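Enquirer: Below you will find the structure I want to go over with you.
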Amino acid sequence: MEMFRSNTVWYIICQPPTACGYSTGQLRFRGVSQMPVAEGKSVQQTVELLTRKLEVLGAEKQGTFCVDCETYHTAASTLGSQGQAGKLMYVMHNSEYPLSCFALFENGPCLTADTNFDVLMVKLKGFFQSAKASKIETRGTRYQYCDFLVKVGTVTMGPSARGISVEVEYGPCVVASDCWSLLLEFLQSFLGSHTPGAPAVFGNRHDTVYGPADTMVQYMELFNKIRKQPQVPVAGIR
Amino acid sequence: MEAPPVTMMPVTGGTINMMEYLLQGSVLDHSLESLIHRLRGLCDNMEPETFLDHEIVFLLKGQQASPFVLRARRSMDRTGAPWHLRYLGQPEMGDKNRHALVRNCVDIATSENLTDFLMEMGFRMDHEFVTKGHLFRKGIMKITVYKIFRILVPGNTDSTEALSLSYLVELSVVAPAGQDMVSDDMRNFAEQLKPLVHLEKIDPKRLM
Amino acid sequence: MQREEKQLEASLDALLSQAADLKNSLGSFIYKLENEYDRLTWPSVLDSFALLSGQLNTLNKVLKHEKTPLFRNQVIIPLVLSPDRDEDLMRQTEGRVPVFSHEVVPDHLRTKPDPEVEEQEKQLTTDAARIGADAAQKQIQNLNKMCSNLLEKISKEERESESGGLRSNKQTFNPADTNALVAAVAFGKGLSNWRPSGSSGPGQPGQPGAGTILAGTSGLQQVQMAGTPSQQQPMLSGVQMAQAGQPGKMPSGIKTNIKSASMHPYQRTLD
């Protein structure tokens, strides 16, 4: 199993296009703040705007990244004996941790495992069925700016682009509450007024050591949010 | 089942069909030392390794007749080692010429919240036990000699009692499917442990 | 050409190290036999044999390995023979061969047996060919029959004699234990979380309050986890009397356990 870096904190924000297909909009963290909408921009154009801003700041491109998520639900046959509503299980991968696989339940534990977990899910076909249509992923470029690592990605579900994800990582710090304000300042520098509020995902765990599982939880919530939003009927998507 | 957590086993990501070849036997407590001596002579020269593991077996019941079994194992003497999740398929019993028990196996290293996660998936704990013993290697073969302890109070690994006056001896290889020469090599090695231990292919279904 | 030379060198090195290991084990075995013969036990001798057998196996494997070139195709020719002491040779052979002379060479570089031995072998092969297939078959069958008769006689003697009785104490494994352990590991026989009171573990059936006895003696049974060698505390010191006559036998309580553990998911028939 690969060793996870234990010296980083990640925050994720997302700017999904609203019904008219523009860029700005709600902020990811559950600390939501509504933004005024801009007209006529597609997902791709917004991503380009952001990346250009980053390059102007002085960030260097450093390859690409990809985070994907598949959804499984307990098969009907198992439900009867358990007498509980089917739960949704998410199996995610993150290119930052190529040897790992993350499995989580909403509001439940997040398991970090190695890639053989995918093989196990194949064996569990009879008990957990994959909802193929809801596979969602985000792909984009990584930018390094001093101690910050920024990942701007396009969130796609199938062939259609559904939103944008922005992840910012601050390398030297491990505890969320220690560096939140610094991160906020940095975000303001290239997101301007789209900067999110404090991340509620760490609610009562401000002082604990941050880990990769926390990142995946944030992505899961982001993907869920995007899934629920209506699809953007704009020409020139992707 | 017989392995300490993944620190001992190669992680083979990507191959879907890994098979475990297995031969089992036992040795009485008073003959353990002779067996260990012999194994030290025959096996690869490494530091004598002992292990102390706690294994919990989980079942997921569905409409199928047989429940899905997963084994979660953690090391009690190595802090920081990942938990080891293992799936073992049904043994393929058809071939009389094959000298070892063959079954599909999937090994996964996981973080420490494995038990909570399995419960969330719907698995229920069936039984648990503690194993304590020695580990040897010869090439790709792994030989474990260990004692099984029953846990008297569920969840409390301090109060245990030995299941019998013998140690279980297992010779196993995890290899991709289709490599039957592996069982020949295993049989040759097993010959060298006679008459101290008789390692043979034991069909667990016969013992139900 | 380069590759073959490298292969040759590599396989020679492997052979050398294997042969050195073998020589060492043989040496220690001989030492043991010569100096400790009064204290030597059969298991110890068996151990040495097993070690030698293992090393011979590895040696064979190295020879059979596909990367090993055919040594048969290599020829060794002595270039210089001299009756003087050769220090280098002494060092390389650890003092065994001091001189590379006319006496030493025929023995060390020999590839065929002695002429007399060769003659005898040839004689035997022609004799054998002369017999004819049928007669040969009959002789083989006779030999096999005699061998099996002899084996039977020996095993019968062993069973009936006193020494047979003595030897069973030296049994190193118990098949019933093997089955019990394999069953425990395979599907938790005897380990079920749900334990019926009274008939659990090594408690004897019919003992009143066996459950409480078990609880009370679990303090005795707490096995020291750290650094215990093969010594295990007796399972239940109080119940030793029933087990003393059968060392290594599985306590019958286990079977009772299964009978009443009807909740076990794997069970189809209660036996």
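The values are calculated or read from the model by the stated rules, or taken from the named source; none is laboratory data. These numbers come from a predicted model, not from an experiment. Neighbour counts run over all protein chains shown; Cβ positions are idealised from the backbone, glycine included. Quick note on the areas: whole protein, heavy atoms, side chains included, nothing else; ligands and nucleic acids left out. Shrake-Rupley method; radii C 1.70, N 1.55, O 1.52, S 1.80 Å.
Enquirer: For A:Cys173, indicate whether it is within 14 Å of chain B (Cβ to nearest Cβ) and in contact (Cβ under 8 Å) with a residue 60 or more places away in the chain.
Expert: When the stated conditions are applied, A:Cys173 does not pass them.
Each row is one residue, and each column tells you yes or no for (1) in contact with a Cys (Cβ under 9 Å, 6 or more places away or on another chain); (2) more than 10 Å from chain C (Cβ to nearest Cβ).
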{"position": "B:Val102", "(1), (2)": "no, yes"}
{"position": "B:Leu114", "(1), (2)": "no, yes"}
{"position": "B:Asp126", "(1), (2)": "no, no"}
{"position": "B:Arg137", "(1), (2)": "yes, yes"}
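Enquirer: If you don't mind, there's one more thing I want to ask. Starting from residues that are outside any loop (DSSP other than H, G, I, E, B) and touching a residue at least 12 places away in the same chain (Cβ under 8 Å), keep the ones in segment C:72-102 and report whichever is surrounded by the fewest Cβ atoms within 10 Å (Cβ to Cβ).
Expert: My answer is C:Arg85.
Enquirer: Could you list, in sequence order, all residues of segment B:47-79 that are open to solvent by 60 Å² or more (accessible area, probe 1.4 Å) and away from chain A (no Cβ under 12 Å)?
Expert: Residues satisfying the conditions are B:Glu47, B:Pro48, B:Thr50, B:Arg74, B:Asp77, B:Arg78, B:Thr79.
Enquirer: Hey, another quick one. Of all residues being facing chain B (nearest Cβ under 7 Å), open to solvent by 10 Å² or more (accessible area, probe 1.4 Å) and among the hydrophobic types (A, V, I, L, M, F, W, C) in segment C:173-190, which is nearest to B:Val27 (Cα to Cα)? Just the residue, please.
Expert: Here the residue is C:Phe173.
Enquirer: From A:Tyr97, A:Tyr90, which residue is part of a loop (DSSP other than H, G, I, E, B) and surrounded by 17 or more Cβ atoms within 10 Å (Cβ to Cβ)? Walk me through it before giving the result.
Expert: On the way: A:Tyr90 fails: part of a loop (DSSP other than H, G, I, E, B).
Step by step, each of A:Tyr97, A:Tyr90 is checked, and only A:Tyr97 is part of a loop (DSSP other than H, G, I, E, B) and surrounded by 17 or more Cβ atoms within 10 Å (Cβ to Cβ).
Enquirer: Within segment C:1-32, how many residues turn out to be touching a residue at least 12 places away in the same chain (Cβ under 8 Å) and more than 30 Å from C:Leu70 (Cβ to Cβ)?
Expert: 3
Enquirer: Continuing with the same structure: Assuming B:Arg124 fulfils every condition listed in (1) open to solvent by 10 Å² or more (accessible area, probe 1.4 Å); (2) modelled with pLDDT under 90 apart from one, which condition is it?
Expert: Checking B:Arg124 against (1) open to solvent by 10 Å² or more (accessible area, probe 1.4 Å); (2) modelled with pLDDT under 90, the one that fails is (2).
Enquirer: When you scan segment B:142-167, how many residues do you find that are buried (at least 20 other Cβ atoms within 10 Å of the Cβ) and farther than 14 Å from B:Phe51 by Cα?
Expert: The qualifying residues number 9.
Enquirer: So the check is Cβ under 8 Å with 6+ separation or different chains; which pairs have a first residue in segment A:116-130 that's within 14 Å of A:Met89 (Cβ to Cβ) and a second one that's part of a helix (DSSP H, G or I) and not charged (D, E, K, R)?
Expert: These pairs meet every condition: A:Phe127/A:Ser77; A:Phe127/A:Thr78; A:Phe128/A:Met121; A:Phe128/B:Met121; A:Ser130/A:Met121.
Enquirer: Let me ask you something else. Does segment B:23-37 contain any residue that is in contact with a Lys or Arg (Cβ under 7 Å, 6 or more places away or on another chain) and either within 23 Å of B:Met181 (Cβ to Cβ) or touching a residue at least 24 places away in the same chain (Cβ under 8 Å) (or both)?
Expert: yes
Enquirer: Right, next: For C:Ala135, only one of the following conditions fails: (1) open to solvent by 100 Å² or more (accessible area, probe 1.4 Å); (2) out of contact with any Ser or Thr (no Cβ under 7 Å at 6 or more places or on another chain). What is its number?
Expert: (1)
Enquirer: Can you tell me which of B:Ile16, B:Ile56 is at pLDDT below 90 and in contact with a helix residue (DSSP H, G or I) (Cβ under 7 Å, 6 or more places away or on another chain)?
Expert: B:Ile16
Enquirer: Now, a different point. Look at segment A:102-133 and say how many of its residues are open to solvent by 30 Å² or more (accessible area, probe 1.4 Å) and either of a type in the set (Ser, Thr, Tyr) or part of a strand (DSSP E or B) (or both).
Expert: So the count comes out to 3.
Enquirer: Residue by residue through segment C:11-40, note down the ones that are open to solvent by 80 Å² or more (accessible area, probe 1.4 Å), charged (D, E, K, R), more than 14 Å from C:Ser53 (Cα to Cα) and not in a loop (DSSP other than H, G, I, E, B).
Expert: C:Asp13, C:Glu34
Enquirer: Let me ask another. Kindly list the number of the only condition in (1) surrounded by 14 or more Cβ atoms within 10 Å (Cβ to Cβ); (2) among the charged types (D, E, K, R); (3) in the same structural domain as A:Gln218 (by the TED database); (4) modelled with pLDDT of 85 or more that fails for A:Glu60.
Expert: Only one criterion is unmet by A:Glu60, namely (1).
Enquirer: State whether one or more residues within segment B:186-199 are crowded, with 16+ Cβ neighbours inside 10 Å, charged (D, E, K, R) and over 30 Å from A:Tyr97 (Cα atoms).
Expert: We begin by selecting, within segment B:186-199, every residue crowded, with 16+ Cβ neighbours inside 10 Å; these are B:186-187, B:189-190, B:192-193, B:196-199.
Those still in the list that are charged (D, E, K, R) too: B:187.
Then drop every residue that is not over 30 Å from A:Tyr97 (Cα atoms), which leaves B:187.
Checked segment B:186-199: at least one residue is crowded, with 16+ Cβ neighbours inside 10 Å, charged (D, E, K, R) and over 30 Å from A:Tyr97 (Cα atoms).
Enquirer: If only one of B:Ser183, B:Ser172 is hydroxyl-bearing (Ser, Thr, Tyr), surrounded by 20 or more Cβ atoms within 10 Å (Cβ to Cβ), more than 8 Å from every other protein chain (Cβ to nearest Cβ) and not in a strand (DSSP E or B), which one is it?
Expert: B:Ser183
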